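Let me begin by presenting the structure, written as structure tokens, before commenting on it.
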Amino acid sequence: MKNAEDFAVIITAAGRGTRMGGKAKQWRELSGQSVITRSIAAFSGFSRIVVVLSPDEMERGVAELSGPVILVAGGKERSDSVRAGLEVLEGSGVRYVLIHDGARPLVPAPVIDQVVNALESGAVAAAPALPVTDALWRGADGHVTGMQPRDGLFRAQTPQGFRLDAILAAHRDFPDGAADDVELARRAGHEVVITEGSEDNLKLTYGPDFDRARRIIGGSMDIRLGNGFDVHAFEDGDHVTLCGVRIDHDMALKGHSDADVGMHALTDAIYGALAEGDIGRHFPPSDPQWKGADSEIFLRHAAGLARRQGFAISNADVTLICEAPKIGPHAASMQARLAAIMEVQPTRISVKATTSERLGFTGRGEGIAAIATATLVKE
């Protein structure tokens, strides 16, 4: 994109999933993440993402969806939901909007890029599609009743991209709705550029579609491994904070923030897996606002950044190196605290301790060191 601020994304996810046995498909689990979470992650390069949900699922959206998303209550029909999202963007400075079906969680980046390029090249509307290659029949009562020529026929996909003012005007002029937004754009007299779709950009409609999606995910897994190391010296005090848990001790740890050496190492491990530097890059120690800050801020930011880039935290392992205090009695609480901050299951987090056999600065009781490893997976 030449200017990311020119673009916004609307993801429609207000359906009730009647063809899935009554369970809304956008909230179904797909290889460790919900369908809607994967759909949002596909557009991680966009700073403005509007997610349209059913009014009775707004509270769930606030609780479960992270990152820079704007939640909007949808309407009874899809066109009502899209219009609600468009209305939110009016006057925001956005020039173009990509409208995507939340049930297409595996849209490849090149499909999105081609729609963006078409709009930036002057198109009022552009949408991905695949040419129909199978023979087409007409049928009734289980029998073939005729043939349908396939020449010039395409299977429509999303995201469908539009100049914001044009598609908003079309929705206002034709409030009765349409099969999709391309149909509305054509009713308004706009030409629609066809860009290249992808067989992987399937729409999850029936149960077997999930099996196909899992097969696609299994063939395109991106695994990242990062490690972090941190050290803090002791100073006068009456407690230490390690992995988010306060432990009474006859010394405190010295640092610009709360000196949580374990959480710092883990945060750097996640940043490392993302090739995003370290805590100092995102929260400079020269900035006084981070003086005495709770290290939860840093870890929550790193985990959120991973999610926005489409990664799930598969597991994390933290080793605290010290002679005292004793870590074992607090390890389970540390595990639970880290898991809550990173929004993962506690069984994916390990916290343990070791000594340095009285050798070095940790052996002399001068401070505490920590090593952490994090594994991130994008499926």
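All of the numbers you see were taken from the coordinates with simple rules; none came from a lab. Small disclaimer: the values here were computed from a predicted structure and weren't measured. So basically every Cβ, Gly included, is an ideal-geometry build from the backbone, and we count neighbours across all protein chains shown.
Suppose every Lys and Arg Cβ carries +1 and every Asp and Glu Cβ carries -1, with no other charges. What dipole size does the range 222-378 come out with about its Cα centre, to the nearest 20 debye? Mind dumping the intermediate values first?
Working: 15 positive and 20 negative charges, 120 e Å.
The dipole magnitude comes to about 580 debye.
Taking the Cα atoms only, what angle lies between the long axis of helix 164-173 and the longest principal axis of the chain, rounded to 10 degrees? In the chain, helix 164-173 runs at an angle near 50 degrees to the longest axis.
DSSP assigns beta bridges within the chain; of those with both partners inside it, close to 60 percent run antiparallel. Would you mind checking the tilt of helix 296-308 against the longest principal axis of the Cα atoms of the chain, expressed as 0 to 90 degrees and rounded to 10? So the inclination is approximately 30 degrees.
Which pairs break 21 Å Cα to Cα here: Lys2/Lys203; Lys291/Lys352; Lys25/Lys203; Lys326/Lys352? Mind showing how you got there, number by number?
Numbers: Lys2/Lys203 29 Å; Lys291/Lys352 28 Å; Lys25/Lys203 11 Å; Lys326/Lys352 10 Å.
Cα-Cα > 21 Å for Lys2/Lys203; Lys291/Lys352; rest within.
Note on the chain: with a GNM built from Cα contacts shorter than 10 Å, the maximum mean-square fluctuation among Tyr96, Tyr206, Tyr271 falls on Tyr206. Here's the picture: charge each Lys and Arg Cβ at +1 and each Asp and Glu Cβ at -1 in the chain, and of Ala336, Gly91, Gly15 the one pushed furthest to the positive end of that dipole is Gly15. Can you find, among Ser81, Val69, Gly45, the residue farthest towards the positive end of the dipole of the chain? Put +1 on the C-beta of Lys and Arg, -1 on that of Asp and Glu. Looking along the dipole axis, the top candidate is Ser81. Rounded to the nearest 5, the antiparallel percentage of DSSP beta bridges internal to the range 4-218 is 45%. Of the options [x] 39, 25, 21; [y] 35, 26, 18; [z] 49, 22, 17, only one is semi-axes √(5λ) of the Cα gyration tensor in Å as computed from these coordinates, and that is [z]. Bridging of Lys254 to aspartates and glutamates at a Cα separation below 13 Å is possible for Asp230, Glu235, Asp236, Asp238, Glu366, once same-chain residues fewer than 8 apart are set aside.
Estimated from helical segments only, the mean residue ellipticity of the chain at 222 nm is -8500 deg cm²/dmol, where each DSSP H run of four or more residues counts as -39500 (n - 2.57). Angle of helix 78-89 to the longest C-alpha principal axis of the chain, folded into 0 to 90 degrees and rounded to 10: 60°. Charging the Cβ of each Asp and Glu at -1 and of each Lys and Arg at +1, and nothing else, the dipole of the range 4-218 about its Cα centre rounds to 540 debye.
Length available on full extension from Arg187 to Asp200: 0.36 nm per residue minus the Cα-Cα distance, which gives 1.7 nm.
For the range 119-212, the dipole from Cβ point charges (+1 on Lys and Arg, -1 on Asp and Glu) about the Cα centre works out to 180 debye, to the nearest 20.
Send over the Kirkwood Rh of the range 4-218, from the inverse of the averaged 1/r over different Cα pairs, rounded to one decimal Å. Walk me through the numbers on the way to the answer.
Numbers: mean 1/r = 0.0559 Å⁻¹.
One decimal place: 17.9 Å for the Kirkwood radius.
Computed with the Debye formula from one identical point scatterer per Cα of the range 222-378, without solvent, the log10 of I(q)/I(0) at q = 0.09, 0.16, 0.18 Å⁻¹ comes to -0.26, -0.83, -1.04. For the range 144-293, what log10 I(q)/I(0) values come out of the Debye formula at q = 0.19 1/Å, with one point per alpha carbon and no solvent? With one equal scatterer per Cα and no solvent, log10 I(q)/I(0) is -1.15.
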